[in-house]
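Data block below; observations after.
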Amino acid sequence: MSERAPRGSITSTPRPRDRKQQIVKSAGDLFYRHGYHNVGTEQIARSVGITAGALYRHFRGKQELLGSALTDAFEQATAFVQETSPTTLEHMVEGLADTAGTRRYLGVLWNREARHLDDEPRAFMRQRFFGFLAEFREHLARSRPDLSPVDADLLSWCSLGVLTSPSYHRTEMDQDALIELLKRLTFAVCTAPLPVPGVAPTDNGRGAAGLVPHGRRELILAAATKLFHDRGYQAVTMGDVGVAVGMTSAGVYKHFDSKADLLSAVIARASEPLQLGLTRALASASTPAEGLLNVLDAYIDFASVHHDLVGILIAEITNLPDTHRHDVRRAQHDYVAEWIKLVCDARSDLDARTARFVVQAVMTVVNDVVRTTHLRDRPQVGAELRLIGRRVLAAA
């Protein structure tokens, strides 16, 4: 079971003018740390020193708080981009880094918790997000006339990946230092030279239907992977999986005792190719710098092929049984630790903590691009991700 937010006594505080904003930020942080279902309105109220009744004078409940935690950040970022449209790209990036650095919960709320919103607030939240993204893209295109509209779109998504990347780990960093690091890494993405020189377009296998597995167990795993990724684990039943492979739910239960066991088996499929790719990348390198680039390439190759598994690893691990969840977390930690060691060995000026933020920024950029269909289908996307990943690593 996920960690529950601690209970505590209410400390009375004078009512500040920005009380509503305080509630939103505190709710966002609690949802991020403990999960939406494990946080109550009383706990949110305590965190800002008020009663639940006082909280309800500002918000109707958790749904509105979750939506506000997301839309607040998108609206602030949109307003900042609009206000700074006549100024430099550096100034825009600085403001966005400040917004993201003070709202570290953004990535997790967007990718894991937003699914708990009802249709109307989810649509409103998505409208705010895509409104911000459009403003960002237009500002970037004005700042860089050399970019085509589709290339400006890619760099906007990649920049957002860098900005939200601290959400995916708990390593601490001084907030001012974090904002400065996010600014530097994001600016490196915004100034990336596209299209990638000297790289011929490829079709990425688009339009290829592919073959399906013959064995029933593999067929079930493949179908479950797609369903869990597309709909979310909680929204999928064993009957849904059965329908997808042409059998009853009873037939699925012959292979997996429960839906949780099926999810565990799906996630286990990601560990082996990741580790094998890492081993091959290290074996073919003679220096830490070369090994780091090889590992980056291997991760891009893995994520490009298994984008649905990447999405499940990001959003569904909290649904695993405790023992397996701890095993998966440990495997992820060990995998990222190899990246961090390579970064530190290749860059003696960086400490392990900074390297952790940089590695997560690179991985989040890759993860976000491969899980976004129109970006994943770009004819040069592999080469573009390699270029952008290298720029982020160098910008540290």
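Key figures
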quantity	calculated
Options 336, 343, 369: the member that is buried (at least 20 other Cβ atoms within 10 Å of the Cβ), within 17 Å of the chain's Cα centre (by Cα) and of a type outside the set (S, T, N, Q)	369
Residue check for residue 329: open to solvent by 10 Å² or more (accessible area, probe 1.4 Å) and in contact (Cβ under 8 Å) with a residue 24 or more places away in the chain	no
Odd one out for residue 315 among (1) modelled with pLDDT of 90 or more; (2) crowded, with 19+ Cβ neighbours inside 10 Å; (3) of a type outside the set (Phe, Trp, Tyr)	(1)
Verdict on residue 106 being hydrophobic (A, V, I, L, M, F, W, C), open to solvent by 10 Å² or more (accessible area, probe 1.4 Å) and in contact with a Leu (Cβ under 8 Å, 6 or more places away or on another chain)	yes
Residue 112 in contact with a Ser or Thr (Cβ under 6 Å, 6 or more places away or on another chain) and either closer than 25 Å to residue 234 by Cβ or open to solvent by 30 Å² or more (accessible area, probe 1.4 Å) (or both)	no
Filtered residues of the range 214-270 (kept if touching a residue at least 24 places away in the same chain (Cβ under 8 Å) and of a type in the set (Val, Ile, Thr))	220, 225, 245, 252, 266, 267
Residue selected from the range 147-170 under the condition open to solvent by 30 Å² or more (accessible area, probe 1.4 Å) and modelled with pLDDT of 95 or more, by the criterion farthest from residue 387 (Cα to Cα)	149
Within the range 30-52, tally of residues that are modelled with pLDDT of 90 or more, surrounded by 16 or more Cβ atoms within 10 Å (Cβ to Cβ) and among the polar types (S, T, N, Q)	3
Verdict on residue 356 being surrounded by 17 or more Cβ atoms within 10 Å (Cβ to Cβ), basic (Lys, Arg), more than 25 Å from residue 217 (Cα to Cα) and within 20 Å of the chain's Cα centre (by Cα)	yes
Verdict on residue 235 being surrounded by fewer than 15 Cβ atoms within 10 Å (Cβ to Cβ), more than 30 Å from residue 335 (Cβ to Cβ) and aliphatic (A, V, I, L, M)	no
Restricting the range 85-103 to residues that are over 18 Å from the mean Cα position of the chain (by Cα) and either open to solvent by less than 10 Å² (accessible area, probe 1.4 Å) or among the small types (Gly, Ala, Ser) (or both), the residue that is nearest to residue 181 (Cα to Cα)	93
Close pairs from the range 66-81: first over 20 Å from residue 139 (Cα atoms), partner open to solvent by less than 20 Å² (accessible area, probe 1.4 Å) and acidic (Asp, Glu), Cβ under 9 Å, at least 6 apart	66/113; 69/113; 70/113
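The values are calculated or read from the model by the stated rules, or taken from the named source; none is laboratory data. Here the structure is a predicted model, which is why all the values come from computation and not from measurement. Here the Cβ is made from the backbone with ideal geometry for all residues, glycine too, and neighbour counts use every protein chain on show. Remember, those area values only see protein heavy atoms, side chains included, never the ligands or the DNA or RNA. Shrake-Rupley method; radii C 1.70, N 1.55, O 1.52, S 1.80 Å.
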